[in-house]
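For reference, the structure discussed in these notes is given below.
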Amino acid sequence: HYISPNYCNQNIDAYVMDKILTTEWGLSSCIYDSPMTLYMLAAKKDSRFYLDNPWALFNHIFMEELSETEYNKMFPDPNRNYAHDINRLSSVIYQISEEIAYHMYKKQNQRFYLSDQELSNIITKLSEHNQILKQAKMQDIAERCYALCCYWKPNSDRGAVEFLHNNIRDFFLAERIYRKMNEITQHAKESFLERDQHEEIAKKLCMLFPYGILETKVTEFLYLRAKYSAEKNQADFSTYEYQTRMIGRILEYMSEGGIVESN
């Protein structure tokens, strides 16, 4: 339908087209089993790059493509003075999606939806550390627009929202974990060599994962982001970990003196 003259009549890069038609579904690595990512792969220029790194495709869709859409047109004004500039909130909305995915992980992935009150609580908590959300008006906008750069389906019977695809949930959970690992790394750069700081770093690491194991797709996204960062020579958590083996040394510290057993 996408390439048919009777429908969209659009072109697809021949190499990308071949990959779409010949890749085994079981090896699709988050792309071909998610309709929106498949569409973006077909529609985007330079799509060959995304075939090798689904994390980059998801990040491109949710951070760049959708956050640039003029959603503020949803707030009508007779003089076309739109209510706000959604770009001011694009990174905030992205982080709200991360926190929603993490909230589901905290529920051990036994409930894949949130109530409006749970969403409101997430935004309120974020506002404690996010300057732009300290304004009540911006909190209100975030609550009304939180889903605009990801995909949700409403369920009026439950008054709840949920991710349209599990891969999107797993992507945002991986992003949240990576964000927190970066924060831990920034602190560790200043204090990791001091032995008395190992306990604090260990506690911060453990606080990320007390709710159960991670889904395989989450760990895939974590790996693919680290791979992307390495290829782009970015200085972040994965680079620091590769250089210092911090986590291995923290695990060694935790295995000493009954620390694991007592905590």
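No value in this document is a laboratory result; all are computed from the given coordinates. As the structure is a prediction and not an experimental result, all values here were calculated from the model.
Numerical summary
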quantity: Under the Karplus curve 6.51 cos²θ - 1.76 cosθ + 1.60, θ = phi - 60°, whole-Hz ³J(HN,Hα) for the range 199-212, x wherever Gly or Pro sits; calculated: 5, 4, 5, 4, 5, 5, 5, 5, 5, 6, 10, x, 9, x
quantity: Under-5 Å amide H pairs with residue 161, H placed in peptide plane, nonlocal only; calculated: 114
quantity: The range 183-189 - phi-based ³J(HN,Hα) in whole Hz, Karplus 6.51/-1.76/1.60, Gly and Pro as x; calculated: 5, 4, 4, 4, 5, 5, 4
quantity: Straight-distance crosslink candidates among lysines, where the alpha carbon sits under 25 Å from residue 189 and sequence neighbours closer than 8 are dropped; calculated: 180, 203, 204, 227, 232
